[in-house]
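This report concerns only the one structure given below.
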Amino acid sequence: MLEVFIFATLNGLVTGFLLFMLASGLTLIFSMMGVLNFAHASFYMLGAYFAYSLSLYFGFWTGLIFAPLIVGALGAMIERYGLRRVHQSGHVAELVFTFGLAFLIEEATQFFWGRDTKNYQAPELLDFPLFTLLGQEFSAYRGFMMAISIGIFIGLYYVLTKSRVGIIIQAAISHPQTVANLGHNVPLIFMGVFGVGTALAGLAGVIAGPVLTTFPGMATVLGSIVFVIVVIGGLGSLAGAFIASLLIGLLQSYAIASDVGMPDLLNLLGVSFDRSHPLNDLWTMNLPQIAPVLPYLLLVLVLIFRPTGLLGNREE
Amino acid sequence: MFAAYCVTGSQTIINKRTALLMKKIQFFIKAPIPLPKLLAITGLFCAFILNSVSSAQEPVRIAFMDPLSGTFASVGNTGKTILEFAVDYYYNSKGGILGGRMIEIVPLDNKQSPNETQLQFRRAISEEIQIIFQGNSSAVANTLNQTISRHNRRNPGQEVLQINYSAVDPILTEDNCSFWHFRFDAHANMKLNILTDYIAADPDIKSMYIIGQDYSFGQVVSDTTIKLLNEKRPDIEIVGNEFHPIGQVKDFTPYVTKIVSSGADAVITGNFGADMVSLARSIIDSGLDIPIYTFYAAYDGITATLGESGKDKIRLIHNGVANPLPTEARKQFNRDFKLAHPNNDVTQPRIVNALQMVVQAMEETQSTDPYDIALALEDMRFTTIGGEEIWMRGDDHQIFQKLSISVHTDEGVEFDADNSGYGLVTEYQVPLEETIVESSCQMRRPRR
């Protein structure tokens, strides 16, 4: 049982950190522009596909470096020539724009790369078990994923709180007019943030592609959960997104690893139902079965009891 | 349409439109044309048009309703490619069927959702399509089955036929069997019957882990495996019985952690598409070296993605045969298909079987009426391009043919999958007679 617990924790952390790479960009973009980027997970998918194509010719490491750059550049261009124009028509137009963009990217991906699963593999260099604990292996690649994500988190934290650029960005979030009056190019900052945000999503795709498989549905599978994280963490709060990412990663992982369910609860209460009971499905439900729904349950609870999210401070 | 216009409207044409025309003609021939003569000319013209309409006969339209976009799009699109290729290969390039009629495949994207299936079914009706090929997801097949039964009951004379080439929930040919539904794949219980025989014969397997998608087919796989293994090898312990939401799981590692800690000697799963490949990848990545018994772990990128790491670990139960292919005709079909579609494979030869049997039924009855086709399909014995005789049982409309268990490998693979060098090699085969199972079907037959 101990090894299940340890590995559930490790898996939860890997997923959590990965989700954070997506959520951090999304929440930054939201706090800057006040609009949820529905296409965010699509950039994650693009990252995986670009890296896959690059890895065919130049190997995994080239893909790791260049795919996020390409995605980031693409994101910046979309902000510059698409979103900035739409911005003048208000938030609803922006929302609809990113919504359409998500479909466009998904269809374009299928058009260029086809609909089947891509054989995107982890590099051979990392193809060994990092350690074996009680008969279970923890692959080096997962360790590598974790290292990259933690590195990104620390780097992002440092840039946003300690560097001059970070201070300007933070100022531009709350007081864009003042920052513009001080002579800073606010549209350029917006473009940069959008570019970096999408590049982070792209990087998440690059490192997740080999493990979570690269296929056209990968954006859809991850898309909704990232929104849940951003809302639970508090819209616009980077620290909140971090906590919510790890929380959801661990929550799902523990729920799957657990073996409890309604039958145990009923036993505890001393109640029993036979199989012909009309609510049999409910009485036999167990926790692993509903694990993927738990984040949404958490979302509802958070919205009821703390509508601003865990660390959000937006009151509108 | 034009023909109808000719017949009913020729009088109107003359009355309303010809005034101008007559002036023009008179301009050239400088003499008035008497009306009777003109009528005769128009009539001749119309006769010519009508004649050309009837010689370019209306195509026989067949709908292909499967996910063509979304998470499970790759499987649907491959199926569509195979069906379209087979139609051209066997019929349209050879002058069509029923004395010169072409077959036209109409793709309908149901996104593998029961709701969307209802909408697409309405569309098929409005386009007067009477044959629907559908295969992916038993949930969708069940919906379609019920929708079609209801539609056919209410619209006699405009019935629709469901050609199910892949949905394997047994209920479709058991409790919910319908006169209008034909299944061209072995159902889950038939496959599991053979698969559990195979597993039971392996003395090294002492414990089994079952994991599947949380919907009808996944549940059937789980229930039947437990039941059959209990009968055949009561000493095999079921150490896990897990369901996960279909198409929703990002990462299977947490599930695999449980499989590892359960100490299972083998895994059995009914997963398909991305859920299959993610699960297999996670199991292999965890360093677990146990056999994985599956229904759908091949093709559409899955074989390429599993590659070397899945060699000799992944096994599939399927109908028909894999490498080595039995006949030259079957091999040639594969080669020609590969020439036309280098990035696809003949993943589901049963689509070809279904098409050929439906066409044979049409030719026998010289009709495209679903009722006639259905009667002709019942108890049809048909020799496939693979040279084996298959049988469509009349009582429940279930196909019976050889069942095989094949292994994922790169040795002895003449026809690989995903151009990866890896493919399926058949290890174990059961003839038609041994695959026959009883059915609880009590079919309601329409009266005509």
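The values are calculated or read from the model by the stated rules, or taken from the named source; none is laboratory data. Remember, it's a predicted structure, so these values are computed and weren't measured experimentally. Cβ coordinates were reconstructed from backbone atoms using ideal geometry, including for glycine residues, and neighbour counts include every protein chain displayed.
Structure notes:
- Here B:Y293 does not fit the description of being under 16 Å from B:M276 (Cα atoms), within 14 Å of chain A (Cβ to nearest Cβ) and aromatic (F, W, Y).
- Just so you know, in region B:70-86 the residues that are farther than 11 Å from A:D116 by Cα and out of contact with any Ser or Thr (no Cβ under 9 Å at 6 or more places or on another chain) include one that is surrounded by the fewest Cβ atoms within 10 Å (Cβ to Cβ), and it is B:E84.
- Scanning region A:182-223 for residues that are of a type outside the set (V, I, T), within 14 Å of chain B (Cβ to nearest Cβ) and in contact (Cβ under 8 Å) with a residue 60 or more places away in the chain returns A:A204, A:G205, A:A208, A:G209, A:P210, A:F215, A:P216, A:M218, A:A219, A:L222, A:G223.
- When A:Y81, A:Y44 are screened for being surrounded by fewer than 24 Cβ atoms within 10 Å (Cβ to Cβ) and of a type outside the set (K, R), only A:Y81 passes.
- Any chance A:L36 is within 18 Å of A:V226 (Cα to Cα) and touching a residue at least 40 places away in the same chain (Cβ under 8 Å): yes
- A single member of B:T253, B:T257 is in contact with a Ser or Thr (Cβ under 7 Å, 6 or more places away or on another chain), facing chain A (nearest Cβ under 10 Å) and closer than 30 Å to A:M45 by Cα, and it is B:T253.
- Counting only helices (runs of 4 or more DSSP H) that sit wholly inside region A:128-200, those with at least 2 residues that are surrounded by 20 or more Cβ atoms within 10 Å (Cβ to Cβ) and in contact with a strand residue (DSSP E or B) (Cβ under 9 Å, 6 or more places away or on another chain) are A:140-162.
One line per residue, one yes/no per condition, for (1) in contact with a Pro (Cβ under 7 Å, 6 or more places away or on another chain); (2) modelled with pLDDT of 75 or more; (3) among the small types (G, A, S):
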site: A:G234; (1), (2), (3): no, yes, yes
site: A:A244; (1), (2), (3): no, yes, yes
site: A:I248; (1), (2), (3): yes, yes, no
site: A:A257; (1), (2), (3): yes, yes, yes
site: A:L269; (1), (2), (3): no, yes, no
site: A:F273; (1), (2), (3): no, no, no
site: A:T284; (1), (2), (3): yes, no, no
site: A:Q289; (1), (2), (3): no, yes, no
site: A:L297; (1), (2), (3): no, yes, no
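- Region B:79-134, residues that are among the hydroxyl-bearing types (S, T, Y) and over 20 Å from B:F182 (Cβ atoms): B:T81, B:Y89, B:S93, B:S113, B:S126
Yes/no per residue for (1) under 25 Å from the mean Cα position of the chain (by Cα); (2) over 26 Å from A:A41 (Cβ atoms); (3) buried (at least 23 other Cβ atoms within 10 Å of the Cβ):
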residue: A:P210; (1), (2), (3): yes, no, yes
residue: A:A239; (1), (2), (3): yes, no, no
residue: A:L246; (1), (2), (3): yes, no, no
residue: A:L266; (1), (2), (3): no, yes, no
residue: A:L269; (1), (2), (3): no, yes, no
residue: A:L279; (1), (2), (3): no, yes, no
residue: A:V293; (1), (2), (3): yes, no, no
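- Scan of region A:93-115 for residues that are over 23 Å from the mean Cα position of the chain (by Cα) and at the interface with another protein chain (Cβ under 9 Å from one of its Cβ atoms), ordered by number: A:G114
- Count of region B:411-448 residues which are part of a helix (DSSP H, G or I) and surrounded by 11 or more Cβ atoms within 10 Å (Cβ to Cβ): 3
- Taking the listed residues A:V71, A:V14, A:V4, the one that is within 28 Å of A:A122 (Cβ to Cβ) and under 15 Å from the mean Cα position of the chain (by Cα) is A:V14, with no other qualifying.
- Of the set (1) surrounded by 20 or more Cβ atoms within 10 Å (Cβ to Cβ); (2) within 20 Å of A:F30 (Cβ to Cβ), all apply to A:G217 but (2).
- Hey, A:P292 closer than 26 Å to B:A73 by Cβ, at the interface with another protein chain (Cβ under 9 Å from one of its Cβ atoms) and out of contact with any Gly (no Cβ under 9 Å at 6 or more places or on another chain) or not: yes
- Here A:L19, A:L101, A:L95 are screened, and the one residue that is within 17 Å of A:F190 (Cα to Cα), among the aliphatic types (A, V, I, L, M) and part of a helix (DSSP H, G or I) is A:L95.
- Every residue from region B:68-83 that is under 12 Å from the mean Cα position of the chain (by Cα) and of a type outside the set (A, V, I, L, M): B:G76, B:N77, B:T78, B:G79, B:K80, B:T81
- Residue in region A:140-157 that is facing chain B (nearest Cβ under 10 Å) and either without any contact (Cβ under 8 Å) to a residue 24 or more places away in the chain or not aliphatic (A, V, I, L, M) (or both) present: yes
- Test: residue in region B:102-116 that is under 12 Å from the mean Cα position of the chain (by Cα), free of Cβ contacts under 8 Å to residues at least 60 places away in the same chain and more than 21 Å from B:T368 (Cβ to Cβ): no
- Residue under evaluation A:G59, criteria (1) over 18 Å from the mean Cα position of the chain (by Cα); (2) modelled with pLDDT of 90 or more; (3) over 19 Å from A:A219 (Cβ atoms), criterion not met: (2)
- B:I390 being crowded, with 19+ Cβ neighbours inside 10 Å and within 17 Å of B:E433 (Cβ to Cβ): yes
- Region B:251-296 - residue that is modelled with pLDDT under 85 and of a type in the set (D, E) and, of those, farthest from the chain's Cα centre (by Cα): B:D285
- Residues that are in a helix (DSSP H, G or I) and either within 14 Å of another protein chain (Cβ to nearest Cβ) or without any contact (Cβ under 8 Å) to a residue 40 or more places away in the chain (or both) do not occur anywhere in region A:230-244.
- Among the residues examined, A:S272 does not qualify as among the hydroxyl-bearing types (S, T, Y), touching a helix residue (DSSP H, G or I) at 6+ places or on another chain (Cβ under 9 Å) and in a helix (DSSP H, G or I).
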